[in-house]
1. Go through the range 72-110 and report how many residues are open to solvent by less than 40 Å² (accessible area, probe 1.4 Å) and either in contact with a Leu (Cβ under 7 Å, 6 or more places away or on another chain) or among the acidic types (Asp, Glu) (or both).
2. May I ask you to list the residues in the range 60-71 that are more than 9 Å from residue 16 (Cβ to Cβ) and either open to solvent by 50 Å² or more (accessible area, probe 1.4 Å) or of a type in the set (A, V, I, L, M) (or both)?
3. Going through the range 39-56 one residue at a time, which ones are open to solvent by less than 30 Å² (accessible area, probe 1.4 Å) and either within 16 Å of residue 5 (Cβ to Cβ) or touching a Ser or Thr at 6+ places or on another chain (Cβ under 6 Å) (or both)?
4. Do you know which residues across the range 1-12 are in contact with a helix residue (DSSP H, G or I) (Cβ under 6 Å, 6 or more places away or on another chain) and open to solvent by 10 Å² or more (accessible area, probe 1.4 Å)?
5. Given the conditions (1) in a loop (DSSP other than H, G, I, E, B); (2) of a type outside the set (Asp, Glu); (3) under 21 Å from residue 96 (Cβ atoms), report the number of the one that residue 27 does not fulfil.
6. Here are 86, 38: which of them is among the β-branched types (Val, Ile, Thr), at pLDDT 90 or above and touching a helix residue (DSSP H, G or I) at 6+ places or on another chain (Cβ under 6 Å)?
7. Can you tell me which residue within the range 72-84, out of those that are among the small types (Gly, Ala, Ser) and in a helix (DSSP H, G or I), is nearest to residue 23 (Cα to Cα)?
8. Considering only residues that are within 11 Å of the chain's Cα centre (by Cα) and more than 20 Å from residue 37 (Cα to Cα), which ones fall in the range 48-68?
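The values are calculated or read from the model by the stated rules, or taken from the named source; none is laboratory data. This one's a predicted model, so the numbers in the text were calculated from it and none came from an experiment. Positions of Cβ are generated from backbone atoms using ideal geometry, with glycine treated the same way; all protein chains shown enter the neighbour counts. The area values use the complete protein model at the heavy-atom level, side chains included, leaving out ligands, DNA and RNA. Shrake-Rupley method; radii C 1.70, N 1.55, O 1.52, S 1.80 Å.
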Amino acid sequence: MIVSIPSSGPTVDSQMDDRFGRAPYFAFFDTETGSSRIEANPHAGGSGGVGPMAVQFLVKNDVKVLIAPRLGGNADGALKASGITIIMQNPDVTVEAAYSAWKKNSENSS
């Protein structure tokens, strides 16, 4: 399963970004292989409608879970329509810390 987190920088040690559609990067974690990667958000500099376009970027990357601190209304609707599970998280942590906290919580609840 792929888990994604908006990131302010190009590494998993970067802070989580609280601007979902305009986050400069997205981190992708594969729960099956344990691998991670960071990709630039191709829609970060768009003039409008970036939330739904960012959702399509996540869908193309087979994301099943999004960990984010805040979503705009259009992004929220697009995420719900796409079937991506939304986990709200305080933005004052690194991307790695947000993923680790989610992973620990999901292991404890299964």
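1. The qualifying residues number 2.
2. Answer for the range 60-71, where residues must be more than 9 Å from residue 16 (Cβ to Cβ) and either open to solvent by 50 Å² or more (accessible area, probe 1.4 Å) or of a type in the set (A, V, I, L, M) (or both): 60, 62, 63, 64, 65, 66, 70, 71.
3. 41, 44, 51, 54, 55, listed by residue number.
4. 12
5. The number of the failed condition is (1).
6. Step by step, each of 86, 38 is checked, and only 86 is among the β-branched types (Val, Ile, Thr), at pLDDT 90 or above and touching a helix residue (DSSP H, G or I) at 6+ places or on another chain (Cβ under 6 Å).
7. 75
8. Hits for the range 48-68: nothing passes.
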